[in-house]
């Protein structure tokens, strides 16, 4: 539901007001506050908590994939997210992502540029549109999860020096500024999708926003 346009949301509202008989509609949202109040009021909300580390590992074992310990750690209880990380490049993808995030805190965009070309625009494992979609799903999770951990002053999470990288990055601005940046990024992604804008330029704008270079 997070990707609905205004027209799509209004159409869904009409369906919810007069639903078809013997029909069960399951609506999925990662950001309930971003869903129109009129849609929320006509739906029953069910929360799905994150899985434990052991439960997440069990899911990966059932799929017979490698790097189970790594994926279980970085998934934060979301096996689907771990599978996307695995498709994007697994540990190599994640390590280069952290390097890109570390450089953003120093306003150095060379690493993000190389990262975008290698793992998103020219990913060897995924079609460009799927790599794009998976990356921004992952980025949405990472920013919200990492910012939450930093605000709680937790340091026992992530891999290698991930918690330090997040702390240094998010220290550059107040939390409300980060929220404003993230909403701006979401608007940019929607505009890119609707008008088929150049994805590389959009990626550069996203990294500039994360680095604080687009602060208004």
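Taken residue by residue, the range 4-25 has no member that is closer than 30 Å to residue 163 by Cβ, outside the structural domain of residue 149 (by TED's automatic domain parsing) and in a loop (DSSP other than H, G, I, E, B).
Residues that are outside any loop (DSSP other than H, G, I, E, B), surrounded by 17 or more Cβ atoms within 10 Å (Cβ to Cβ), at negative phi and in contact (Cβ under 8 Å) with a residue 60 or more places away in the chain: does the range 81-93 have at least one? Yes, the conditions are met somewhere in the range 81-93. Restricting attention to the range 98-119, the residues that are under 14 Å from residue 132 (Cα atoms) and buried (at least 21 other Cβ atoms within 10 Å of the Cβ) total 3.
Of the residues making up the range 25-41, at least one is in contact with a helix residue (DSSP H, G or I) (Cβ under 6 Å, 6 or more places away or on another chain) and either at pLDDT below 90 or loosely packed, with under 12 Cβ neighbours inside 10 Å (or both). Just wondering, is there one or more residues in the range 122-131 that are assigned to a helix (DSSP H, G or I), out of contact with any strand residue (DSSP E or B) (no Cβ under 8 Å at 6 or more places or on another chain), touching a residue at least 60 places away in the same chain (Cβ under 8 Å) and buried (at least 18 other Cβ atoms within 10 Å of the Cβ)? No - not one qualifying residue is present in the range 122-131. Could you please let me know if residue 82 is at pLDDT 95 or above and not assigned by TED's automatic domain parsing to the domain that holds residue 136? In short, yes. The requirement of being closer than 22 Å to residue 95 by Cβ, touching a residue at least 24 places away in the same chain (Cβ under 8 Å), part of a helix (DSSP H, G or I) and assigned by TED's automatic domain parsing to the domain that holds residue 107 is fulfilled nowhere in the range 179-195; no residue meets it. Of the residues making up the range 97-114, none is at pLDDT 90 or above, touching a helix residue (DSSP H, G or I) at 6+ places or on another chain (Cβ under 9 Å) and on the phi > 0 side of the Ramachandran plot.
The values are calculated or read from the model by the stated rules, or taken from the named source; none is laboratory data. In this text, all values refer to a predicted model and were calculated from it rather than measured experimentally. Using ideal geometry, Cβ is built from the backbone for each residue, glycine included, and neighbour counts are taken over all protein chains shown.
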